[in-house]
Amino acid sequence: MKLFVTGGAGFIGSNFILYWMKKYPEDKIINFDKLTYAGNLENLKEVEKNPNYEFIQGDICNKRLVEDVTRNIDIIVHFAAESHVDRSILDASPFIQTNIVGTHVLLEAAVKNKVPRFHHVSTDEVFGALPLNSTEKFMDTTPYNPHSPYSASKAASDHLVRAYGDTYGLQYTLSNCSNNFGPYHFPEKLIPLAITNIIEGKKVPVYGDGLYVRDWLYVLDHCEAIDAIIKKGTIGKTYLVGGLTDDISNIDVIKKIITIMEVDESVITFVKDRPGHDRRYAIDWSTINKELGWSPKHTFETALAETVEWFKKNEEWWKRIKSGVYKDYYNTQYK
Ligand code: NAD
Ligand code: DAU
C-alpha cells in the first residue's frame, strides 16, 4: 500500500509514520509537510534513509503541487493542520487557510486523481464543551458547536470531507479524537509545556481556575485507532477516539506531573484564562470498540510517567525548539 501522509513532521503525524513503518515495513509512505514552526524532521530520523519513505516539503494549499503528488497513491491520511487553540486566538488566518482551504485543495485532488481512500484526522473540539461534574460524553450523534477559531476551522474541514463523500463519492473515513500526549509533543501544549518548564526551573502556567477537563489519549493508542479505521473502518463513517481517563482537571494533571518529577506545588502559577475556554471534554469511544475492536491500552498514569521520561531523555530535541522561534510565541502568549 502507498500512503500519502500530510503533516507527517508534526506530533501525531510523525508518531503515526514511525508506528506504521514498523508495523507494515513493506508499505510506502510519502510524508507531505510544509514544515511550519510545528513540523520537525528530527522526529523521523529513524526512517529517513528507509527506501520506502519519502519526504516532500509542500503546502496543502498549493493546488498544482498537491494534484501532482497525489497521483497513484492508495490512501491520503490527512493530519496537516494548524493545531494550537491559543495561536488561533492570536491570529486565525493560518487556521482558515490550512485547515479549511488546504483540506479543500486536498479533497479536490483526491477526487480528480481518483484516490481510492481518504482518512481525515479531526478533533473532539468540534463538539464544543460539556458541563463539569456531568457524566455526559461526546458521541457520534453530538451536534457540532465549536468555540475557537481552531475548532471552527476543523469543523468546517469535517463538513467538507463529508460533502465530498456525499457529492463526489469520495471513499472517506473520519476520526474525532481527544487530547493526545506522548513523545514529540510540541512544548506549547499543556503536558509538554509543564514537563519542560519544570526541567528548566520555570513556573507552570495554569489557565483560569485550572478546573477544565480534557480526555487524555496516549498518541500510540491514537495511531492504533487510525490503523484499525484504515484497515477495517466503514466507508463514510466517523469514529470517536478517546483515552482511559476518568475526568481529571488540568490542575490535577499538573499535580501528577509534579509528583512524578518530585518537585513541589510552588511551580504552579495561575494565569489569565483562555477566551472561549471549553470546560470539559469526554469521549464515548464505544462505537470503535464494538465495531473495530479498538480500545486504548495505556493508562494515563503509566503513559504520563513514560512521557516525562521521554522528555528527560530528549532534552536536546525540545531545547532546540524552545530556544528558537517558539520563544517569540511564548513571550507573547504568557507576557
Ligand atoms: P502539529 O501542530 O504537531 O503538526 C501539524 C503538522 O502539519 C506540522 O508538521 C506542520 O508543519 C504541518 N502543516 C501545517 N500546515 C501545513 C500546510 N499548509 N501544508 C502542509 N503541512 C502543514 O499537530 P498535531 O498535534 O500532530 O495534530 C495533527 C492533526 O490531529 C491535526 O489535524 C489536529 O487538528 C488533529 N488533532 C490533534 C490533537 C492533539 O491533541 N494534538 C487532538 C485531536 C486532533
Ligand atoms: O481536544 C483535542 C485538542 O487537544 C486538539 O484538537 C488540539 O489540536 C490540541 O492542541 C488540544 O487542544 P487543547 O486546547 O485542549 O490543548 P492544550 O494543551 O493547549 O490545553 C489543554 C488544557 O490546558 C486546556 O484546558 C487549556 C489548558 N492550558 C493550556 C496551556 C497551553 C493551561 O492551563 N495552561 C497552558 O499554558
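Every number here is computed from the coordinates shown, using simple stated rules; none is lab data. On a predicted model such as this, the values are computed, not experimentally measured, just so you know. We place every Cβ from the backbone using ideal geometry, glycine too, and count neighbours over all the protein chains shown.
Observations on the structure shown:
- Hydrodynamic radius by Kirkwood, which averages 1/r over all alpha carbon pairs of the chain, in angstrom: 20.2 Å
- Zone residues, segment 299-315, relative to E200, backbone N less than 19 Å from point 7 Å out along Cα-to-Cβ: 308-315
- Residues in segment 247-267 reached by a label modelled at K312 [backbone nitrogen below 16 Å; 7 Å Cα→Cβ]: 256-264
- Per-residue Karplus couplings for segment 226-232, computed as 6.51 cos²θ - 1.76 cosθ + 1.60 with θ equal to phi - 60°, are listed in order as 5, 4, 4, 5, 4, 7, 10 Hz, Gly and Pro entered as x.
- Selected from T269, V308, G293, residue furthest toward positive end of dipole (segment 225-335; charges at beta carbon): G293
- Lys/Arg +1, Asp/Glu -1 at C-beta; the chain dipole; positive extreme among F16, N31, P183: N31
- In terms of surrounding Cβ atoms within a 10 Å radius of their Cβ, H147, H120 rank from fewest to most as H147, H120.
- Packing-based exposure ordering (other Cβ within 10 Å, fewest first) of E125, E306: E306, E125
- Most mobile listed residue (G210, G182, G242) in the chain, GNM with C-alpha springs under 10 Å: G210
- Each of T269, T238 was scored by other Cβ atoms within 10 Å of its Cβ. Arranged with the fewest first, they read T269, T238.
- Pairs exceeding a 22 Å alpha-carbon distance, out of K154/K290; K231/K290; K2/K154; K154/K297: K154/K290; K2/K154; K154/K297.
- Partner aspartates and glutamates for K112 [C-alpha distance under 12 Å; skip if fewer than 8 residues away on the same chain]: E67, D68
- Global size of segment 101-160 as Cα Rg and Dmax, reported in angstrom: 14.4, 48
- All lysines inside 24 Å of K203 as judged from Cα atoms, apart from same-chain residues fewer than 8 positions distant: K189, K255, K256, K272, K312, K313, K319, K322, K327, K335
- Residue among K49, K232, K202 with the largest mean-square fluctuation in a Gaussian network model of the chain, springs linking Cα atoms under 10 Å: K49
- Between N133 and D264, the contour length at 0.36 nm per residue exceeds the alpha carbon distance by 44.4 nm.
- Within the chain, helix-based [θ] at 222 nm, where runs of 4 or more DSSP H residues each add -39,500 (n - 2.57), nearest 500: -11500 deg cm²/dmol
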